[in-house]
Amino acid sequence: MEYVDVIVDISHEKLDRVFQYRVPEALSGKIRIGMQVSFPFGRGNRPMKGYVTGITEEPDYPPEKIKELDGIVEGSVCAESQLIALAAWMREQYGSTMNQALKTVLPVKQEVARQRDVTLRLIISREEAEEQLRKELKKNNRTRARLLAALLDADGTITKREAAERYRITAPVIRGLERDDVLKSETQTRYRNPFEGHFKKRAEVPELSAQQRAAVDGIWADYERGERRTCLLQGVTGSGKTEVYMALIERVIRQGKQAIVLIPEIALTYQTVRRFYERFGARVSVLHSRLSDGERYDQFVRAKEGQLDVMIGPRSALFTPFSDLGMIIIDEEHEGAYKSETVPRYDAREAAIYRASLCGASVVLGSATPSLESSYRAREGVYGWYRLDSRIGTAVLPQVEIIDLREELREGNRGIFSRKLTDALSERLRRGEQAMLFLNRRGFSGFVSCRSCGEALRCPHCDVSLSLHTDGYLKCHYCGYEMRMPKKCPSCGSPYISGFRAGTQQIEREVKRLFPAARVLRMDYDTTRAKESYETILSAFGRGEADVLVGTQMIVKGHDFPNVTLVGVVAADISLHAPDYRAAERTFTLLTQAVGRAGRAEKPGEALIQTYRPEHYSIRAAARQDYDAFYEQELSYRRLMAYPPVQEMLGIYLSCEEQELLKQRAEELGAYIRAQDPALQVIGPAVAALSKKNDIYRMVIYIKYERKERLLEIKRRLECRIKEEPQWDRVRVQFDYNPQQSY
C-alpha cells in the first residue's frame with residue numbers, strides 16, 4: 001500500500017505542513033513527487049488540492065485513520081523532486097510557506113493544449129488524380145476540382161489551413177474526398193517556438209583571445225576534476241564574456257548535459273537568444289513572462305523531454321526542469337533584478353548555487369561591475385576569479401567626461417542638456433552615427449510640487465508622490481489612484497504648482513525640438529508593454545532606423561550596437577540619492593554599464609555624464625572605468641557601517657491595517673530580538689520608506705550580524721513565536737536577507 005505526503009495548496013501558515021493520504025489501488029505506481037492531487041480535507045471532507053512532497057509504504061499514522069486521495073488533478077504540471085527540494089530550501093532560507101516556495105519554482109503551473117497542424121495528402125497516383133480532376137470538372141464540382149488542382153500543383157501535399165484560406169475549401173469537401181479514398185488528413189502536433197524562423201545557425205565560431213581561453217580552461221579544469229565551484233568572470237564592457245559562456249556551454253553539451261543562462265532583463269532576451277541560437281541552433285529556447293501560456297508550457301515540456309540544451313531567461317528560468325543540468329550562467333550578476341521582491345524574497349544567485357549543488361553543476365557569475373558580495377567572496381578565495389581586462393579586437397573603452405550641471409546653471413543654461421552634450425549630439429547626427437541618452441526615470445514627471453509652500457502632491461493611500469501623465473492626470477503607480485492636475489496648490493492656494501519635468505518623454509521631446517530631422521526611439525516601461533515591443537525597438541535601432549535611443553536602465557545593459565559612438569547620461573544623481581545603502585554601488589554600476597555602450601566596434605566612443613555631484617567617488621570611478629578603486633572605497637564604507645558583505649543583514653517587514661497595533665507588535669518584536677543576543681545589532685522598529693500602501697501601514701526592523709547562520713536561527717525563533725501567539729493574526733511578517741530594495 002502506498003501513502004503520500006501532501007501539502008495543501010493554500011498559502012496559510014497554519015496549513016504549512018504535510019498531511020498523509022492513502023493512494024487508491026487504481027493510482028498505485030502512478031503518483032510522482034511534485035504532482036498536484038485532490039483529496040478530502042478537514043472534518044467536513046471538503047475537496048482540496050495540493051502537491052505531493054513524498055511517497056512511502058510505511059505510514060506515519062494508523063492506516064485506518066488515513067484518508068484516501070480523490071485523484072490526480074488533470075492538466076497540472078508535475079514539479080520534479082529536485083525542484084521540490086529547492087522549494088524546501090527556499091522556504092527555510094527566506095521565510096515563506098512551502099506553497100509560496102512551490103509556486104515560485106513552478107514557472108509553468110497548468111498544461112496547455114498543444115498546437116496541431118493538419119496536412120492534406122493525395123493517396124492516389126498523379127495520373128489517377130488528374131483523371132479524378134477531369135471527372136469533377138465534368139460534374140461541375142468546382143470546389144472539389146479546385147482542391148485537387150491545388151494538390152497537384154503542390155506535388156500532392158498542402159496544409160488544411162492553406163486549403164481553407166487560399167482556396168476557400170470547406171471541411172465537408174475534404175471529408176468527401178477522404179471517403180472516396182482520394183486524399184488523407186494527417187495531424188501532427190508541434191511545439192510553439194517563440195523564435196521560430198527568426199534566426200539561423202551559423203557555422204563559424206570566433207577565436208578566443210588569450211584571456212578568454214585562460215578563463216574557459218581554468219573553469220573547465222575545475223569542472224573536469226569534479227570541483228563544481230562557483231566562479232566570478234569579471235570583464236570590462238565589450239571584453240567578450242558571452243563568448244566565454246558559449247565556449248563553456250559547448251563543452252557541457254558535449255557531455256550530454258544542459259545549461260541555464262540567466263539574464264536580468266527581458267529587454268536582453270532577443271539579443272542574447274540570437275547569439276546563442278546562431279551558435280547552438282534550435283536546441284536553445286527562452287522562458288519569461290512575456291510569452292503566451294502556450295509558449296511557456298511548450299518550452300517547459302521541451303526542456304523536460306530533453307529536446308533543449310540551453311534555456312535563457314530572467315530569474316524564473318532558473319527553475320527549468322532539466323534532468324541533467326551541468327552549468328548555470330548568471331550574466332550581469334550584480335543586477336538587483338535577481339532578487340525577488342515578493343515572498344519568498346529569494347536571491348537567484350544563492351538559489352542557483354544551491355540548485356547546482358543538488359545536481360552536480362557549476363555556476364559562473366559574470367559582470368563588468370560585480371556586486372560587492374561576489375567580489376568580496378572572490379577576493380577571499382570562496383569563488384574562483386577570472387578577469388578580462390580589455391575589449392575584443394580593435395575596440396577601446398570610450399573617452400568619458402564629467403559635466404558639472406552646477407556650472408551650467410551658473411552660466412545661464414537651464415535646459416535638460418549641457419552645451420557639450422548638445423554639440424556632441426549634433427556632431428553624431430552630422431556624421432550619421434548613433435547616440436543613446438540614458439535617464440533612470442520613466443514618464444513625464446517624478447512629482448508635482450508647489451513652489452510657494454514646497455508641498456508635494458501625494459497619494460492618500462500609499463504615501464508616495466503622484467506622477468503627472470500626458471493626459472493631465474496625476475497617478476499613483478502603486479495602487480492606481482488618480483486625480484486631475486489642480487490649478488492651485490491644495491495646501492496654500494498658490495498658483496505656482498508644477499511638475500518636475502525630468503522623464504524619458506521630456507528628453508525625447510527635447511531631442512526632437514533641438515534636432516527636428518533626428519529619428520528618435522524611446523525605450524522605457526511605457527513603450528515596452530506589448531509582447532514583442534523590446535525586440536521591435538532594439539532591432540529597429542540596430543538596423544539604423546533611428547539616430548537616437550532614449551531610455552531607462554533597460555537600454556544600458558548588455559546591448560551591442562556598433563554604430564553607437566555617443567552615450568549621454570542626462571542626470572547621474574537620481575540613483576545616487578535613493579534611500580538605500582547600495583545607492584553608490586548602483587550609481588557606479590549604471591554609469592559604467594551606460595558608458596560601456598559607446599565605441600564597441602571600430603569607431604571610437606565618447607560618454608558624457610551630467611551631474612550635480614561631480615566629486616562623488618562612484619561617479620569619478622565610473623568615468624575612469626576603475627572598478628578596483630570603487631570597490632576599495634565602497635568596502636571601507638560598508639565596513640564602517642557594518643553593511644553587507646562585511647556583515648549579514650536580515651530585514652523584517654511588518655504590515656497591518658491598524659497603525660497602533662502594528663506599532664505595538666513591532667516594538668514587542670524588537671525587544672524580543674534584543675533579548676536574544678546582545679551581540680546582534682538591531683535597527684528599528686521604524687516606519688518603512690513606503691509607510692502606507694493600499695491603506696496598510698508598514699514598519700521595518702533590521703538585524704546585522706557577521707554570520708548568516710545566526711540570523712537564520714533568529715528567524716526560526718521569530719517564526720515559531722508568531723505562529724504560536726494569536727495576537728499576531730492581524731499583523732503580517734515577512735523576512736528579507738540582505739535586502740536589495742527599500743521596503
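The values are calculated or read from the model by the stated rules, or taken from the named source; none is laboratory data. Keep in mind that this is a model prediction, so the values were computed, not measured. When we count neighbours, we look across all protein chains shown, and the Cβ atoms used for this are built from the backbone with ideal geometry, even at glycine. The protein model used for the area step is the full one, side chains on, heavy atoms only, and it has no ligands, DNA or RNA in it. Shrake-Rupley method; radii C 1.70, N 1.55, O 1.52, S 1.80 Å.
Observations, loosely collected:
- Subset of the stretch 698-707 (residues that are more than 27 Å from the chain's Cα centre (by Cα) and open to solvent by less than 40 Å² (accessible area, probe 1.4 Å)): Met699, Ile701, Ile703, Lys704, Tyr705
- Residue check for Ala352: hydrophobic (A, V, I, L, M, F, W, C) and open to solvent by less than 20 Å² (accessible area, probe 1.4 Å): yes
- Every residue from the stretch 325-360 that is more than 15 Å from the chain's Cα centre (by Cα) and assigned to a helix (DSSP H, G or I): Glu350, Ile353, Tyr354, Arg355, Ala356, Ser357, Leu358, Cys359
- Residues being closer than 19 Å to Thr592 by Cα and in a loop (DSSP other than H, G, I, E, B) - total across the stretch 378-432: 8
- Filter pass, Asp573 being surrounded by fewer than 21 Cβ atoms within 10 Å (Cβ to Cβ) and under 20 Å from Ala621 (Cα atoms): yes
- Out of Arg710, Arg716, one residue alone is surrounded by 13 or more Cβ atoms within 10 Å (Cβ to Cβ), at pLDDT 90 or above and assigned to a helix (DSSP H, G or I). It is Arg710.
- Number of positions in the stretch 245-260 that are open to solvent by less than 20 Å² (accessible area, probe 1.4 Å) and either over 22 Å from the mean Cα position of the chain (by Cα) or of a type in the set (Phe, Trp, Tyr) (or both): 4
- When the residues of the stretch 596-611 are filtered to those that are closer than 14 Å to Asp560 by Cα and of a type in the set (D, E, K, R), the one that is most open to solvent (accessible area, probe 1.4 Å) is Glu602.
- Residue list for the stretch 205-247, filter: under 25 Å from Phe561 (Cα atoms), of a type in the set (A, V, I, L, M, F, W, C) and in contact with a helix residue (DSSP H, G or I) (Cβ under 9 Å, 6 or more places away or on another chain): Val205, Leu208, Leu233, Val236, Val244, Met246, Ala247
- Within this structure, Arg134 passes the test of being over 30 Å from Arg716 (Cβ atoms), at pLDDT 90 or above and basic (Lys, Arg).
- Close pairs (8 angstrom Cβ cut-off, 6 or more residues apart or separate chains): within 24 Å of Pro321 (Cα to Cα) and open to solvent by 30 Å² or more (accessible area, probe 1.4 Å) in the stretch 65-80, outside any loop (DSSP other than H, G, I, E, B) and hydroxyl-bearing (Ser, Thr, Tyr) anywhere: Ile72/Ser38
- Looking across the stretch 294-349 at every residue that is closer than 24 Å to Gly95 by Cα and acidic (Asp, Glu), the one that is least open to solvent (accessible area, probe 1.4 Å) is identified as Glu333.
- Members of the stretch 644-670 found to be closer than 15 Å to Tyr702 by Cβ and out of contact with any strand residue (DSSP E or B) (no Cβ under 7 Å at 6 or more places or on another chain), listed by number: Pro644, Val646
- One residue stands out among those in the stretch 19-28 that are of a type in the set (A, V, I, L, M, F, W, C) and touching a residue at least 40 places away in the same chain (Cβ under 8 Å): the one that is least open to solvent (accessible area, probe 1.4 Å), which is Val23.
- Hits in the stretch 172-219 (condition: assigned to a loop (DSSP other than H, G, I, E, B), open to solvent by 50 Å² or more (accessible area, probe 1.4 Å) and of a type outside the set (Gly, Ala, Ser)): Asp180, Asp181, Glu196, His198, Lys200, Lys201, Arg202, Glu204, Val205, Pro206, Glu207
- Look at (1) in contact with a helix residue (DSSP H, G or I) (Cβ under 7 Å, 6 or more places away or on another chain); (2) open to solvent by less than 40 Å² (accessible area, probe 1.4 Å); (3) at pLDDT below 90 and you find that Glu111 fails only one, number (2).
- Screening Leu86, Leu102 for residues that are at pLDDT below 90, open to solvent by less than 40 Å² (accessible area, probe 1.4 Å) and either outside any helix (DSSP H, G or I) or under 30 Å from Glu713 (Cβ atoms) (or both) leaves exactly one candidate, Leu102.
- Tabulated pairs, the stretch 408-420, first closer than 19 Å to Leu566 by Cβ, second part of a helix (DSSP H, G or I), C-beta under 6 angstrom, 6+ apart or interchain: Ile416/Glu510; Ser418/Glu408
Matching residues to (1) among the acidic types (Asp, Glu); (2) surrounded by 14 or more Cβ atoms within 10 Å (Cβ to Cβ); (3) on the phi > 0 side of the Ramachandran plot:
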| residue | (1), (2), (3) |
| --- | --- |
| Asp9 | yes, yes, no |
| Arg32 | no, yes, no |
| Met35 | no, yes, no |
| Phe39 | no, yes, no |
| Gly44 | no, no, no |
| Met48 | no, yes, no |
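- Checking each residue in the stretch 641-684 for being open to solvent by 40 Å² or more (accessible area, probe 1.4 Å) and either on the phi > 0 side of the Ramachandran plot or assigned to a strand (DSSP E or B) (or both) picks out Gln681, Ile683.
- Selection of first residues in the stretch 509-534 that are outside any loop (DSSP other than H, G, I, E, B) and of second residues that are open to solvent by 20 Å² or more (accessible area, probe 1.4 Å) and hydroxyl-bearing (Ser, Thr, Tyr), restricted to Cβ pairs under 7 Å at least 6 apart or on distinct chains, gives the following pairs, ordered by first then second residue: Leu514/Thr422; Ser533/Thr527; Tyr534/Tyr270.
- Hey, Asp695 in contact (Cβ under 8 Å) with a residue 12 or more places away in the chain, exposed (fewer than 14 other Cβ atoms within 10 Å of the Cβ) and among the acidic types (Asp, Glu) or not: yes
- Contact map, the stretch 231-248: residues that are among the charged types (D, E, K, R) paired with residues that are in a strand (DSSP E or B) and open to solvent by less than 10 Å² (accessible area, probe 1.4 Å), Cβ distance under 6 Å, separation 6+ or inter-chain. Pairs shown: Lys241/Leu233; Lys241/Gly235; Lys241/Gly366.
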